Amino acid sequence: MATMLDRAALRRRLEAAKTALVVGHIKPDGDCIGSVLALTEALRLRGVDADALIADDVAAKFYYLDGAAEIVATIPDKAYDTVLFMDLSTAERAGELPWPAVPIVNIDHHISNPGYADELYLDATAAAVGEILTELFLEWDWEITPTMAQALYTAIATDCGFFKYANTTEKTMRVAAALLARGADQAEVAQRTEELPPAALRVLPQIMATLTMEADGALSAITMDEAAMAAGGDYVDTYLELARNIEGVEVTLQFKYAEPEKTYVSFRSKTTVDVSALAAEFGGGGHIRAAGCTVWKSLADTISTVMPVAVAWTHHGRRH
Ligand code: AMP
Ligand code: MN
Ligand code: MN
């Protein structure tokens, strides 16, 4: 089990670093990319030789963030004394890389975090890791530059659906306001993260043709096959959002082709079902209202495995 860090212990840990590798998760989202970029810049400002790493492609739509194009995918040849795993609910989500043999410090907000790292700063009440970092930087009086503010605002806004999801709190909005005061451009973040190429919209009819309603209309599900993923893989959340917004829906599933025998499933809920626990039934996890898992089966077999369980949970309410 990880040693739990409080704020003071995390600060001492960061201040002791000389050479740090700041790591985000595969299938990187706005929270992971923004948090990695902001902490990397914060450490550099404090004289740390810090590098940002994500072992996966960073979608081009995030290139408006300074430094996004320079995030490396393989470990630079350096002797790191500190490795920071950001927004990483499990070690596997870091990707398969030869991690330096130094203690791993994990900064996270997933309720399902099993405590896999050597040291863990966990705040499951935070809407995003970007919210945690902003709160800490403000408390510690660490400078937040305009580029950091833009990265942190991106992290927060994308993880809470631009302040619409249930994880949005008074604190989320307070720290987001502090970022606007420090140079974040909220209109640019909304535009850059929501705009999409025509091809991603032209595939919408095929995706929405897969829409199924179960559990007396309380469960919606959409499926993205290989062609749909090729056209709209960087915009999966846009389609998920549509299926989630159907009236009467409590739980939404999105089945996404990854490989012939590998399927990724996203889970969302609105008020009752704990989808973190539901995703854990299939080896995944996440948050109470947003979770995911990878199933090593074909798209069709994954649907027939996951759907009955999700329908039962929606009907009988594994509540939270
Ligand atoms: P997604 O549907 O990919 O947006 O993921 C929703 C949430 O669940 C995110 O916060 C992820 O970090 C988390 N999550 C996704 N997949 C997994 C997994 N296999 N294990 C644990 N957490 C996951
Ligand atoms: Mn994330
Ligand atoms: Mn997050």
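The values are calculated or read from the model by the stated rules, or taken from the named source; none is laboratory data. None of the values given here were measured: they were computed from a predicted structure. As a convention, Cβ positions derive from the backbone with ideal geometry for all residues, glycine included, and neighbour counts pool all protein chains shown. Side chains are part of the model used for accessible areas, which takes the heavy atoms of the whole protein and leaves out ligands, DNA and RNA. Shrake-Rupley method; radii C 1.70, N 1.55, O 1.52, S 1.80 Å.
Can you tell which of Leu45, Leu39 is open to solvent by 30 Å² or more (accessible area, probe 1.4 Å) and either among the polar types (S, T, N, Q) or more than 12 Å from ligand 2 (Cβ to nearest atom) (or both)?
Checking each option against the conditions leaves just Leu45.
Out of Ile111, Ile156, I need the residue that is in the same structural domain as Ala8 (by TED's automatic domain parsing), over 19 Å from Val189 (Cβ atoms) and out of contact with any strand residue (DSSP E or B) (no Cβ under 7 Å at 6 or more places or on another chain). Which one?
Sole residue among the options that is in the same structural domain as Ala8 (by TED's automatic domain parsing), over 19 Å from Val189 (Cβ atoms) and out of contact with any strand residue (DSSP E or B) (no Cβ under 7 Å at 6 or more places or on another chain): Ile111.
State whether one or more residues within the stretch 54-68 are free of Cβ contacts under 8 Å to residues at least 60 places away in the same chain, out of contact with any helix residue (DSSP H, G or I) (no Cβ under 7 Å at 6 or more places or on another chain) and open to solvent by 30 Å² or more (accessible area, probe 1.4 Å).
So far as the stretch 54-68 goes, yes, one or more of its residues are free of Cβ contacts under 8 Å to residues at least 60 places away in the same chain, out of contact with any helix residue (DSSP H, G or I) (no Cβ under 7 Å at 6 or more places or on another chain) and open to solvent by 30 Å² or more (accessible area, probe 1.4 Å).
Every residue in the stretch 18-44 that is under 25 Å from Asp56 (Cα atoms), in contact (Cβ under 8 Å) with a residue 12 or more places away in the chain and more than 16 Å from ligand 3 (Cβ to nearest atom), please.
Thr19, Ala20, Leu21, Thr40, Glu41, Ala42, Leu43
Go through the stretch 96-115 and give me each residue that's surrounded by fewer than 19 Cβ atoms within 10 Å (Cβ to Cβ) and under 28 Å from Lys78 (Cα atoms).
Glu96, Leu97, Pro98, Trp99, Pro100, Ala101, Val102, Pro103, Gly115
Please state which one of Ala149, Ala127, Ala91 is touching a helix residue (DSSP H, G or I) at 6+ places or on another chain (Cβ under 8 Å), within 13 Å of ligand 1 (Cβ to nearest atom) and among the hydrophobic types (A, V, I, L, M, F, W, C).
Ala127
Specify the residue that is nearest to ligand 3 (Cβ to nearest atom); the eligible residues are those in the stretch 263-292 that are closer than 22 Å to Asp87 by Cβ and charged (D, E, K, R).
So, considering only residues that are closer than 22 Å to Asp87 by Cβ and charged (D, E, K, R), the one nearest to ligand 3 (Cβ to nearest atom) is Arg289.
Considering only the stretch 83-111, state which residues are among the polar types (S, T, N, Q) and away from ligand 2 (no atom under 12 Å from the Cβ).
If the condition is that a residue be among the polar types (S, T, N, Q) and away from ligand 2 (no atom under 12 Å from the Cβ), then Asn106 is the only one that fits.
Filter the stretch 1-26 for residues that are within 16 Å of ligand 2 (Cβ to nearest atom), surrounded by 19 or more Cβ atoms within 10 Å (Cβ to Cβ) and not in a strand (DSSP E or B) and give the result.
Of everything in the stretch 1-26, those that are within 16 Å of ligand 2 (Cβ to nearest atom), surrounded by 19 or more Cβ atoms within 10 Å (Cβ to Cβ) and not in a strand (DSSP E or B) turn out to be Gly24, His25.
Limited to the stretch 175-218, what total is found for residues that are open to solvent by 50 Å² or more (accessible area, probe 1.4 Å) and hydrophobic (A, V, I, L, M, F, W, C)?
The qualifying residues number 11.
Please work out which one of (1) among the aliphatic types (A, V, I, L, M); (2) over 20 Å from Trp140 (Cβ atoms); (3) touching a Phe, Trp or Tyr at 6+ places or on another chain (Cβ under 6 Å) is the condition Leu5 fails and give its number.
(2)
Answer yes if at least one residue in the stretch 71-89 is polar (S, T, N, Q), within 15 Å of the chain's Cα centre (by Cα) and buried (at least 19 other Cβ atoms within 10 Å of the Cβ), and no otherwise.
Checked against the condition, which is being polar (S, T, N, Q), within 15 Å of the chain's Cα centre (by Cα) and buried (at least 19 other Cβ atoms within 10 Å of the Cβ), the stretch 71-89 yields at least one hit.
For the stretch 144-166, what are the residues that are open to solvent by 30 Å² or more (accessible area, probe 1.4 Å) and under 10 Å from Leu65 (Cα atoms)?
Within the stretch 144-166, just Thr147 meets the criteria.
Assess whether Thr125 counts as being over 18 Å from the mean Cα position of the chain (by Cα) and surrounded by fewer than 22 Cβ atoms within 10 Å (Cβ to Cβ).
Against the criterion (over 18 Å from the mean Cα position of the chain (by Cα) and surrounded by fewer than 22 Cβ atoms within 10 Å (Cβ to Cβ)), Thr125 does not qualify.
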